[in-house]
Amino acid sequence: MGNYAQRLANLRNRRLGIDPIAVLSKSAHFAEAASLTEAYETRSKSEATKYALGAMQALEPQYTQTSIQEGDRVRNQLSTGLQQIGIPVAFEYQGSVPLDIHIRFASDIDLLVLHAGFVTVDWSGPRSTTYSHLGGSVVEDMLRLRRECECILERQFPAVTVDKSGAKSIALSGGSLRRKVDVVPSHWHDTAMYQATLAKHDREVRILHRDERTLITNRPFLHMKRIDDKNLVTNGGAKKVIRLLKNLKQDSDQNIRLTSYDIAALVWHFDDDTLNKPFYLELSLIAETQRHLQTLVNSPQYAIGLTVPDGSRKILDSSEKFPALQRLKLEVDRLAADIASELKPQSIFGNYEAIQRSLMESYVL
């Protein structure tokens, strides 16, 4: 049996923002959060079960909204400053926060700053003749956008740490900001598919890599739409499993080198029907997750061939990721066995089928 008292403490700290700094500062937030009881904490007295239930739940909406508000503060300063010097821009959010699969009270938020003075175009698209050819260098325009963003942020947020070392983003933290904000200079690329559908998820983003002076293709809105669609048809089950796996990775004493993006992509490949469970059968999601990961580990060639939801790359695209998948599966196996042991303490669970059956048949209200 794992140390679920510590894991529950870690989970609570992540979800409520209770950390040593908050304790020392005796902040109003710490006093409020320390006395708060979340719903999952009252659904079971057993520690492994309580941890699993909590690990699957979304954060309270007000915590997510705070991340958006801090992103908006940065966005507003950039919008005003860039407009004053004649650089038109648009803004979008990407990543775990807008998808609601983040697991931390103080989750970072990614702010795309999209140069609106131009778009690049797939000239084979059905609307390509409606675009104008403009002179100039896209890379030079993007480098100027990056430089001006850095200047504005340092000027408007003097107490904030503005870390300019990243090649693809500017990281803001500390000072008056309640969340870390990553500012990502980028621009739109209108694909042939986007020209046909005019659907936002079919539009690509090109992100500046400052050091290499290149532009990197990204499809954040296709990824987000496909995860959201998966979650819709699974009645919320897909995102519960994503959060569960992210929390297990965070609390593991092993080095599980899979990103949040990788984990979401793996769950996207799970069968829809198996993730569609009512609230009172949430523990069965652990059994289904265990089964899906077992299939992947038993079929390395199949697992290695899986692509991310937007089709841009393989999920397990480096030699370290399949072993990481194996380690993540072991974390799920341990959790499943420990919950089964809690559910029927007089029974001996020596096999996979017994653990699966116990989780699939368990009701928690």
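Secondary-structure-derived ellipticity at 222 nm for the chain, considering helices only, amounts to -15500 deg cm²/dmol, per-run term -39500 (n - 2.57) for DSSP H runs with n ≥ 4. In the structure shown, the pairs Lys225/Lys246; Lys180/Lys249; Lys230/Lys329; Lys50/Lys321 are assessed against 23 Å; a Cα-Cα span above that value is assigned to Lys50/Lys321.
Among Thr161, Asn255, Gln294, which residue has its Cα furthest toward the positive end of the charge dipole of the chain, with +1 on Lys/Arg Cβ and -1 on Asp/Glu Cβ? Highest projection toward the positive end goes to Thr161.
Counting only whole DSSP H helices of the chain, the ones at least 24 Å long by C-alpha along their axis and with mean Kyte-Doolittle hydropathy no lower than -0.5 are 138-156, 321-343.
Here the extension length gained between Ser176 and Leu365 equals 64.0 nm, from 0.36 nm per residue of separation less the Cα-Cα distance.
Placing a label point 7 Å from the Cα of Leu232 along the Cα-to-Cβ direction, the residues of segment 82-126 whose backbone N falls under 20 Å of that point are 93-102. With a simple spin-label model that places each label point 7 Å from the Cα along the Cα-to-Cβ direction, the separation between Lys314 and Ala192 comes to 2.6 nm. Taking label points 7 Å from Cα along the Cα-to-Cβ direction, Tyr131 and Ile85 give a separation of 2.7 nm.
Per residue, the convex hull spanned by the Cα atoms of segment 62-218 amounts to 116 cubic angstrom.
Counting DSSP beta bridges with both partners in segment 62-218, what percentage is antiparallel, nearest 5? Please list the in-between numbers first.
Details: 21 of 30 bridges.
That works out to approximately 70 percent antiparallel.
Give the percent of DSSP beta bridges with both residues in the chain that are antiparallel, rounded to the nearest 5.
Rounded to the nearest five, the antiparallel share is 70 percent.
From the P(r) of the chain, can you give the percent of Cα pairs sitting at distances over 41 Å? Tail of P(r) above 41 Å: 19 percent of Cα pairs. Peptides 205-217, 69-81, 98-110 ranked from most to least packed, by the mean per-residue count of other Cβ atoms within 10 Å: 98-110, 69-81, 205-217. Mean projected area of the Cα convex hull of segment 220-351, taken over all directions, amounts to 8.3 nm². The slack in the chain from Val297 to Gln326, taken as 0.36 nm per residue of separation less the alpha-carbon distance, amounts to 9.8 nm.
Could you sort the peptides 302-311, 156-165, 260-269 by per-residue average Cβ neighbour count (10 Å cutoff), highest mean leading?
Numbers: 302-311: 15.8, 156-165: 14.0, 260-269: 22.0.
Most protected by this proxy first, the peptides run 260-269, 302-311, 156-165.
If each residue of separation counts as 0.36 nm, what is the full-extension length gain between Ser252 and Glu212 once their alpha-carbon separation is subtracted?
On the way: separation 40, 0.36 × 40 = 14.40 nm, distance 3.52 nm.
Going from the current span to full extension adds 10.9 nm.
Packing around the peptides 235-245, 275-285, 355-365, taken as the average count of other Cβ atoms within 10 Å per residue, puts them in this order, highest first: 235-245, 275-285, 355-365.
Since every read-out is calculated from the coordinates, none of them should be taken as a lab result. A quick note: this is a predicted structure, and the numbers were derived from the prediction, not measured. Don't worry about glycine lacking a Cβ; one is built from the backbone with ideal geometry, like all the others, and counts go over all protein chains shown.
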